[in-house]
Amino acid sequence: MKITIVGSGYVGLVTGACLSDVGIDVTCVDVDQNKIDNLEKGILPIFEPGLDQIVNRNSKKGRLKFSTDLRGSIVDSQAVFIAVGTPPGDNGDADLKYVLEVSDQIGKLMNDYLVVITKSTVPVNTAEKVRIVISNALKERKKYFDFDIVSNPEFLKEGAAINDFMNPDRIVVGLDSIKAKQVIDKIYRPFTLNGNPIIYMDIPSAEMTKYASNAMLATRISFMNDIANLSELVGADVNMVRKGMGSDPRIGSKFLYPGIGYGGSCFPKDVKALARKGQEKGHPMRILEAVELVNEDQKILLFNKIKKHFGGDISKKTIAFWGLSFKPKTDDMREAPSVVIAKLLLKEGANIRAYDPVAMEEAKHELGDTIRYCKSELEAIQGADALALITEWAEFRLPNWDEIGKLMANKVVFDGRNLYNVTDFKDHGFDYYGIGTKNNH
Ligand code: NAD
């Protein structure tokens, strides 16, 4: 079986690599020549645990190829996945420019029956737009090849993407053709042998499922951030509240962690796009609009706590950042709260010394040389007036506070992820601030 994936970013590359690993002949196509040249040399554009081994293994076996030439790969493909970006447009709506560009190319190049699968996150009714663009391109060529559109949203989590793809909780597929279903069944059979279900539905429902899922997860985060902030004001500890709530099976314990706001390539843009769709349809999504507002406030919370601790003046204060990426196990800096916090601190004259295990190169695209990048967490805290825990990487979990206290100019920790507990600092003379926790202040 031969498949083409268009867009070799996070989703395209993971999809292509995993499909090739079960024996499918895959070509990953991208317009970015540099990305393709690097992939051919085994250099990946992203950090994702385990991905490099799968890519290199299957490249060597010749089952995974990289190309900028869609024409060359589409010729004998049975299916094409569209996995290009859908960034927010000016009004918050998903920008479909890339998806429709690719659709047009597909119509111009296909030469037999083809299943066109949208894996990019796209608003409801995009499949219809894709169908029209491909039909128009075929009409212009006076060719009338049959094709089907399938919506197959991706649910992978960055940092755990390989496991998510190989052992999916569910595979959501929207389609309206038996012929396409046979192709989808064949592609995903290796991933459903252990009973993982494919949930078939109509196309608009599949498109909506993706947005509704991300919106629900973002809602849980903003809800818990609101609960955390109120807990702090009334003398409750959100760590306890979370445990108490999460033990109710109707609620469950996942995604109940307060912090410094959600970021990344998906939640912010998908929440915006769904809220925008609601406005467009005359049905404002009031909960989602609040989710977004809470998140914006949450991203500046740590900054406010730091400023307050220093009596309103942080000029010339040196703040150490542990972590920069929007979450652990990824170098993704898209919409990372660290950037918002860093810019606010810098604007008020503070200096930042940061360490992140993998995201520092990516962070340079956002923050340039405005902050100092350090080689280790200990280098970052040398002479610092405060430590801000930004990303909960595993290696930050159990620091030696005595050693750290000796290196810092001032012993205070702002824990943006509630990784620590006020009791951790009991005998070490630190001030500690968590999110919605009982602090020592
Ligand atoms: P990405 O920015 O990492 O990759 C997109 C790739 O598409 C880029 O390499 C770009 O060069 C390429 N591209 C753009 N136009 C092209 C064209 N005409 N032909 C060929 N290649 C082209 O994006 P991503 O994070 O992989 O996200 C892709 C889609 O998947 C988005 O809609 C996103 O919302 C969705 N998604 C992402 C994740 C995630 O965790 N990153 C998870 C689920 C769904």
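Computed from the C-beta positions of GLU128 and LYS308 and an R0 of 60 Å, the FRET efficiency is 0.70 to the nearest 0.05.
Using the alpha-carbon atoms, what tilt in degrees (0 to 90, nearest 10) does helix 178-192 show relative to the longest principal axis of the chain? That works out to roughly 40 degrees. Annotation: amide H-H contacts under 5 Å for TYR432 (H modelled 1.01 Å from N, sequence separation of 5 or more, or interchain): VAL413, ASN440. If I take R0 = 51 Å and measure r between the Cβ atoms of MET216 and LYS316 in this structure, what FRET efficiency does the formula 1/(1 + (r/R0)^6) give, to the nearest 0.05? Efficiency for this residue pair is about 0.70. Quick one: if you stick a label point 7 Å off each Cα along the C-beta vector at ASP90 and SER247, how many nm between them? The modelled label-to-label distance comes out at 5.4 nm. Listed values for the stretch 265-275 are Karplus-derived 3J(HN,Hα) couplings in whole Hz (6.51 cos²θ - 1.76 cosθ + 1.60, θ = phi - 60°), namely 7, 10, 3, x, 6, 6, 4, 4, 5, 6, 4, and x replaces Gly and Pro. Listed by chain and number, the aspartates and glutamates whose alpha-carbon sits under 18 Å from that of LYS329, ignoring those within fewer than 8 places in the same chain, are GLU48, ASP52, GLU158, ASP164, ASP356, GLU361, GLU362, GLU377, GLU392, GLU395.
Would you work out the relative contact order for the stretch 70-166, in percent, from Cα pairs under 8 angstrom that are 6 or more residues apart? Relative contact order of the stretch 70-166: 29 percent. Counting only Cβ charges, +1 for Lys and Arg and -1 for Asp and Glu, the dipole size of the stretch 267-433 around its Cα centre is about 460 debye. Summed over qualifying helices (DSSP H, 4 residues or more, each -39500 (n - 2.57)) and divided by its residue number, the chain shows a 222 nm mean residue ellipticity of -13500 deg cm²/dmol. If the segment from LEU44 to ASP369 were pulled out straight at 0.36 nm per residue, it would be longer than the present Cα-Cα gap by 114.6 nm. Counted by Cβ distance under 14 Å from LYS426, the other residues give a net charge of -2, where Lys and Arg count +1 and Asp and Glu count -1.
Of the beta bridges in the chain, as assigned by DSSP with both residues counted there, near 5 percent are antiparallel. Taking only the Cα atoms of the chain, the ratio Rg/Rh comes out at 1.01, with Rh defined as the Kirkwood radius. Cα centroids of the stretch 101-157 and the stretch 177-229: 20 Å apart.
Farthest toward the positive end of the dipole of the chain, out of GLY246, LEU302, PRO190, is the Cα of PRO190, where the dipole comes from beta carbon charges about the Cα centre.
For the stretch 2-201, the antiparallel share of DSSP beta bridges with both residues in that region comes to about 5%.
Which entries of LYS272/LYS307; LYS61/LYS254; LYS35/LYS142; LYS317/LYS426; LYS308/LYS343; LYS269/LYS299 show an alpha-carbon separation above 27 angstrom in the structure shown? Those over the limit are LYS272/LYS307; LYS61/LYS254; LYS35/LYS142.
Sequence gap at least 6, Cα distance under 8 Å: using those rules, report the relative contact order of the chain to the nearest whole percent. Intermediate values should be presented prior to the final figure.
Values: 854 pairs, mean separation 52.5, N = 441.
Reported as a whole number, the value is 12 percent.
Computed from the coordinates by the stated procedures, all read-outs in this text should not be read as laboratory data. All of these numbers come straight from a predicted model, not from anything done at the bench. Don't worry about glycine lacking a Cβ; one is built from the backbone with ideal geometry, like all the others, and counts go over all protein chains shown.
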